[in-house]
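Structure, as structure tokens:
Please treat every number below as a calculation from the coordinates, not as lab data. What you are looking at is a predicted structure, and each value in this text was computed from that prediction instead of being measured. Cβ: placed from backbone, ideal geometry, glycine included. Neighbour counts: every protein chain shown.
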Amino acid sequence: MQGVQLAGLPAEVPGVAEALDAVAGFDAALTGGLARLGPQHAEAVGALAGAVGASPLGTAMADASGKLAAGSIGATELAAPAGARAALLGAVHDALLGGLDGALGRSRTAWKEEADAPAGDEPAPGNLLAGARSWLQELAIAGWRGVDDALVSAADQALEALWAEPRLRRLAVLMDGLAAELRASCPVATMERVPERRWADLWTRAVLLAHAGSWTGGAATAVSGRLLPLGVDVQEHGTAVQAQLHAVLEPADGGPVRLVRTAVAAAKVDTIVGPAVWKLLEGYPTLLAVLAGHRAADIDGMPLTAGGDLLWDEERATAGEPADPFATARVRLPAAEAPAVPPLDRHPVRIAEPVLVEGYQAKRDGTFDLDGETLAVDLDRLPPSGPLTEQLVKASTACVGLLRWDAGRWTLQPLAVRSTVKKAPVEAHNGDWALGPTDPKVVKAQARAGDAVAVLTERAGRLLRR
């Protein structure tokens, strides 16, 4: 086996369970509403304050805890628990990622404080941020169980103003998404189970963005060199699709090999699913050719953020020679330097580290047995837009994937596998159908169903001409 040394990953990291318990307690209080804290929820807010008591947030959180218990809820009283909650989850992230880096022998760039500064000299308009904070405050007062159509609709004016300001686009997207989820769940009081952790995550990030203003993920520098793909994570939602490529960058200046990501996205409707989603990304022909052809990409002066995100620019990229992702994972990935994690992105759910796993025995229950150690495989993340299937994963002998931490354990999300089908070697990658499906059965099925993207594009054009 190469890539993952499970023996080096501790089953339990000291302090993680306690930190998550403190976060869960606050999340439960937020569900009921901070305006009516009962003894149990007041104690949970106090526990959150105690968890960060020795940190720079200690004084502010202790003060906010007392005011919340007394029923005083203002912008300051909400910023402190949001910051404390984010700090605890950030500490959990750091502990887990540090253990993983140690097990993999992976080096990681340290975050520099100067990279934390937002781009641009002018601050974001204070009135727009105040409007966002006002709605987030109303959510905290009512609690998730108190959310109704009227409360969700109260965000419309603030959202309209945020969308008109490019510097606040991240906050606009985040709040718009949260409002859409809440609207679809109204009235939340009738829900059998509230997604406390998810909604609290979105609320926390929105509160912090509404105080910090614009956030770019760190300053970007221009890089050139050869990009060697490892695999693509296709993330699909009812209204959007994103293809995020994980790759190794060999800088043209001879610097250290770096682990990077790059992503492209497009809006969609929920009727466009499966391989058809790739047609929405036709504006990125070079990237699609790289994915479908298992090719390297030569980039020239493309921006790279301090957090390791390559800002894809078709005009600065050309498709290169064939590059086997498995060979890249075996030869170049072990020595690649991982990027620093921006402070606002430090959260356990965001851990997604590329690894190569081989020499295992795939089990029927969807796990890999690596010399007696069991690694869970997240089969639910297999996208329907490519040829990678559950059957191929369970028949595989090698896998390039993303190691994630979920529900208290490490899991592997496959991006590509090598399998044996009818005694013949087979490879399947998530991006194999980026230029269209190659499976004759899928091609015929698409032909029978028709081209949904073309039909919707034609209808939209007809409406615009009227």
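Less than 15 Å Cβ to Cβ from P334, Lys/Arg counted +1 and Asp/Glu -1: what total charge do the surrounding residues give?
On the way: positive: R106, R108, R258, R330, R332; negative: D101, E250, E337, E353, E358.
Combined, the nearby Lys, Arg, Asp and Glu give 0.
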The long-range amide H neighbours of A416, using H built 1.01 Å from N in the peptide plane and a cut-off of under 5 Å, are V400
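May I ask you to work out the translational diffusion coefficient for the chain at 4 °C, viscosity 1.567 mPa s, via Stokes-Einstein with Rh from the Kirkwood sum over Cα pairs, reported in whole µm²/s? Let's see the in-between values first.
On the way: Rh = 24.1 Å.
D = 54 µm²/s.
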Inter-part gap, Cα centre of the range 326-377 to Cα centre of the range 257-277, in whole angstrom, is 21
Relative contact order in percent for the chain (Cα pairs under 8 Å, 6+ apart) equals 15
Under 28 Å, Cα to Cα: Lys pairs in the chain, sequence gap 8 or more or different chains:
17
Report the Stokes-Einstein translational diffusion coefficient (µm² s⁻¹, integer) for the range 120-215, Rh taken as the Kirkwood radius over Cα pairs, at 20 °C with viscosity 1.002 mPa s.
159
For the range 160-247, the fraction of alpha-carbon pairs in successive 5 Å shells from zero, as %:
3, 10, 14, 17, 19, 16, 11, 6, 3, 1, 1
Apply the Karplus curve 6.51 cos²θ - 1.76 cosθ + 1.60, θ = phi - 60°, to the phi angles in the range 184-199 and return the couplings in whole Hz, x for Gly and Pro.
5, 9, 5, x, 5, 4, 8, 5, 5, 9, 9, x, 4, 5, 5, 5
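Using the number of other C-beta atoms within 10 angstrom as an exposure proxy, rank S153, S419, S55 with the fewest first. Write out the running numbers ahead of the final one.
Values: S153 12, S419 21, S55 15.
In increasing order of surrounding Cβ atoms, one gets S153, S55, S419.
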Give me the net charge of R198's neighbourhood, meaning all other residues with Cβ under 12 Å from the Cβ of R198; Lys, Arg count +1, Asp, Glu -1.
-1
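Mean residue ellipticity at 222 nm from the helices of the chain, using -39,500 (n - 2.57) per DSSP H segment of n ≥ 4 over the full residue count, to the nearest 500 deg cm²/dmol? If you can, show how the numbers build up before the last one.
Numbers: 14 runs with 181 residues, N = 466.
Helices in the chain give a 222 nm mean residue ellipticity of -12500 deg cm²/dmol.
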Where only C-alpha atoms are counted, convex hull volume of the range 7-107 per residue in Å³:
101
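What trypsin sites (Lys or Arg not before Pro) in the range 46-144 are in a loop by DSSP, with at most 16 other Cβ atoms within 10 Å of the Cβ? Don't jump to the answer; show the numbers that get you there.
On the way: sites: K67, R85, R106, R108, K112, R133; in loops: R106, K112.
Loop-located and lightly packed - K112.
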Quick one: the Cα spread of the range 220-335 along its three principal axes, in angstroms, biggest first?
46, 29, 22
Based on DSSP loop calls and a cut-off of at most 10 other Cβ atoms within 10 Å, the longest stretch of the chain free of exposed GluC sites (Glu not before Pro) is what?
193-466
